[in-house]
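Asks: I am attaching a structure below and will ask some questions about it afterwards.
The values are calculated or read from the model by the stated rules, or taken from the named source; none is laboratory data. It should be emphasised that the depicted structure is a prediction, and the values quoted were computed from it without experimental measurement. Every residue, glycine as well, gets a Cβ built from its backbone with ideal geometry; the counts of neighbours run over all protein chains shown. To get the accessible areas, we keep the full protein, side chains included, count just its heavy atoms, and leave off ligands, DNA and RNA. Shrake-Rupley method; radii C 1.70, N 1.55, O 1.52, S 1.80 Å.
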Amino acid sequence: MYKKLVPVSVFALFAALALGCPPSYAKVILKFGTATQPTHIYNQAAEYFAKIVAERTSGEIEVQVFPSSQLGSERDMVEGLQLGSLEMTLTSTGPLGNFVPQVKLFNLPFLFKDREACYRVLDGEIGTQIAARFLEVGVRSLGWYENGFRNITNSKRTITSPEDMQGLKIRVMEDDVFILTMKALGASPLPMAFGELYTALEQRIVDAQENPLAVIYSSRFFEVQKYLAITGHFYSPAMLLVSDITWQTLNPGQQKILTEAAAEARDYERKISMQADRDLEAACRQAGMTVTHPDKTPFVEAVAGVYSTPAVVQAIGGGNPEEGRKLIEAVRAAAR
Ligand code: EAX
């Protein structure tokens, strides 16, 4: 009896060990959601990130990319990270002010002189401090990426001056800084999640929208919008976020690989974003759009008041107008 039992219990012991203590090479799957179309720069960067991570972890971490708002809107996805039901996302600042109000600072119109200034501010002290605040709400920033300089498209008329914006029903991202800016230009803004935008344009629920060329082209807005005005009125940063619940389950080696891959994918994404700006205006024209390059000065003047609007200053300061004023002053000095 004894002789028979020994091999059985040894087997059982190994089986228990195998089940109870997963070996260190257990595969980790990170779902990575975005709102934009598969060909958009976010998803190219996400695939690039996934490839680096797979190589450096010898396949131990698999990043699976889900584009086109399949996993929800940008706001839903950030909430998913907080709950731990989603692991990663790359999102515009559209919904981020709901989580860290200071992010609204970067939603101010005509804030940055050029791309160099964007990267200097975002990767520097101001951007780093604001990004670090995300940990307080359960998500971890792996760096500032880029959505791009935003331009206006519409189905009604060519835009050459702010007068042409009068009465245009324009979809904006869900943040009051965007709403106030469009009101200052005389348009009628309607906040809406990105996933609903194509249909809203197609059904003429709105006349207009604004986005970087990379989004306009990959979303095929040229099918439902005739006019494109290169206004560059907002610089739209993006942020790579990971659920802190997920992060805490990774070992330091894995965390290091993700951090490094995030920085490399960011550099790659900024490069393809710049190329998109260079190439896609012609592509939009080719696709039938009429393109204008309005003089920016009257636009800048029309929206200047947004910077001192009490609600904006207070919101940027996280409820503290003094902090808001200081942040606005600091960013203006650094962004020029
Ligand atoms: O983040 O909501 C928007 O217009 C964003 O620019 C887009 O989804 C990319």
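Asks: Before we move on, is residue 275 surrounded by fewer than 19 Cβ atoms within 10 Å (Cβ to Cβ), under 25 Å from the mean Cα position of the chain (by Cα), under 30 Å from residue 155 (Cβ atoms) and free of Cβ contacts under 8 Å to residues at least 40 places away in the same chain?
Replies: Criteria met by residue 275.
Asks: Just to be sure before I move on: is residue 216 surrounded by fewer than 23 Cβ atoms within 10 Å (Cβ to Cβ) and of a type outside the set (Lys, Arg) in the structure I sent?
Replies: Answer is no for this residue.
Asks: For segment 259-272, which residues satisfy the criterion of being touching a residue at least 60 places away in the same chain (Cβ under 8 Å) and either open to solvent by 80 Å² or more (accessible area, probe 1.4 Å) or hydrophobic (A, V, I, L, M, F, W, C) (or both)?
Replies: Once the filter is applied, which keeps residues that are touching a residue at least 60 places away in the same chain (Cβ under 8 Å) and either open to solvent by 80 Å² or more (accessible area, probe 1.4 Å) or hydrophobic (A, V, I, L, M, F, W, C) (or both), segment 259-272 yields 261, 262, 263, 265, 272.
Asks: Another question, then. Can you tell me which residue is nearest to residue 267 (Cα to Cα) among those in segment 85-103 that are in a loop (DSSP other than H, G, I, E, B) and open to solvent by less than 30 Å² (accessible area, probe 1.4 Å)?
Replies: Per the stated criteria, the residue is 93.
Asks: Suppose we keep only residues that are out of contact with any Lys or Arg (no Cβ under 7 Å at 6 or more places or on another chain) and acidic (Asp, Glu) within segment 37-75. Which one would you say is surrounded by the fewest Cβ atoms within 10 Å (Cβ to Cβ)?
Replies: 55
Asks: Here is a list of conditions, (1) within 25 Å of the chain's Cα centre (by Cα); (2) under 23 Å from residue 146 (Cβ atoms); (3) open to solvent by 50 Å² or more (accessible area, probe 1.4 Å), and residue 256 meets all of them except one; can you say which number that is?
Replies: (2)
Residue-wise test of (1) open to solvent by 40 Å² or more (accessible area, probe 1.4 Å); (2) part of a helix (DSSP H, G or I); (3) closer than 21 Å to residue 149 by Cα.
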{"position": "285", "(1), (2), (3)": "yes, yes, yes"}
{"position": "294", "(1), (2), (3)": "no, no, yes"}
{"position": "303", "(1), (2), (3)": "no, yes, yes"}
{"position": "311", "(1), (2), (3)": "yes, yes, no"}
{"position": "331", "(1), (2), (3)": "no, yes, yes"}
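Asks: Tell me which residues, restricted to segment 313-329, are under 16 Å from residue 106 (Cα atoms) and part of a loop (DSSP other than H, G, I, E, B).
Replies: Within segment 313-329, 317, 318 meet the criteria.
Asks: Let me ask something additional. Out of everything in segment 166-212 that is free of Cβ contacts under 8 Å to residues at least 60 places away in the same chain, within 14 Å of the ligand (Cβ to nearest atom) and part of a loop (DSSP other than H, G, I, E, B), what residue ends up being farthest from residue 111 (Cα to Cα)?
Replies: The qualifying residue farthest from residue 111 (Cα to Cα) is 206.
Asks: Just one of the numbered conditions (1) out of contact with any helix residue (DSSP H, G or I) (no Cβ under 6 Å at 6 or more places or on another chain); (2) touching a residue at least 60 places away in the same chain (Cβ under 8 Å) is not true of residue 224; which one?
Replies: Unmet for residue 224, out of (1) out of contact with any helix residue (DSSP H, G or I) (no Cβ under 6 Å at 6 or more places or on another chain); (2) touching a residue at least 60 places away in the same chain (Cβ under 8 Å): (1).
Asks: Just give me the residues in segment 245-273 being out of contact with any Leu (no Cβ under 9 Å at 6 or more places or on another chain), closer than 17 Å to residue 43 by Cβ and not acidic (Asp, Glu), in sequence order.
Replies: Of everything in segment 245-273, those that are out of contact with any Leu (no Cβ under 9 Å at 6 or more places or on another chain), closer than 17 Å to residue 43 by Cβ and not acidic (Asp, Glu) turn out to be 268, 270, 271, 272, 273.
Asks: Restricting the search to segment 43-82, which residues are assigned to a loop (DSSP other than H, G, I, E, B) and more than 18 Å from residue 254 (Cβ to Cβ)?
Replies: 67, 68, 69, 70, 71, 72, 73
Asks: Could you say whether any residue in segment 123-139 is aromatic (Phe, Trp, Tyr), surrounded by 17 or more Cβ atoms within 10 Å (Cβ to Cβ), within 11 Å of the ligand (Cβ to nearest atom) and assigned to a helix (DSSP H, G or I)?
Replies: Among the residues of segment 123-139, not one is aromatic (Phe, Trp, Tyr), surrounded by 17 or more Cβ atoms within 10 Å (Cβ to Cβ), within 11 Å of the ligand (Cβ to nearest atom) and assigned to a helix (DSSP H, G or I), which makes the answer no.
Asks: I want to confirm something. Restricting to segment 230-245 and keeping residues that are outside any strand (DSSP E or B) and out of contact with any Phe, Trp or Tyr (no Cβ under 8 Å at 6 or more places or on another chain), which single residue is farthest from residue 162 (Cα to Cα)?
Replies: Per the criteria, the residue is 245.
Asks: Moving on. Inspect segment 195-212 for any residue being aromatic (Phe, Trp, Tyr), open to solvent by less than 60 Å² (accessible area, probe 1.4 Å), within 23 Å of residue 34 (Cα to Cα) and touching an Asp or Glu at 6+ places or on another chain (Cβ under 9 Å) and give the result as yes or no.
Replies: no
Asks: In this structure, is residue 287 of a type in the set (A, V, I, L, M) and touching a residue at least 12 places away in the same chain (Cβ under 8 Å)?
Replies: yes
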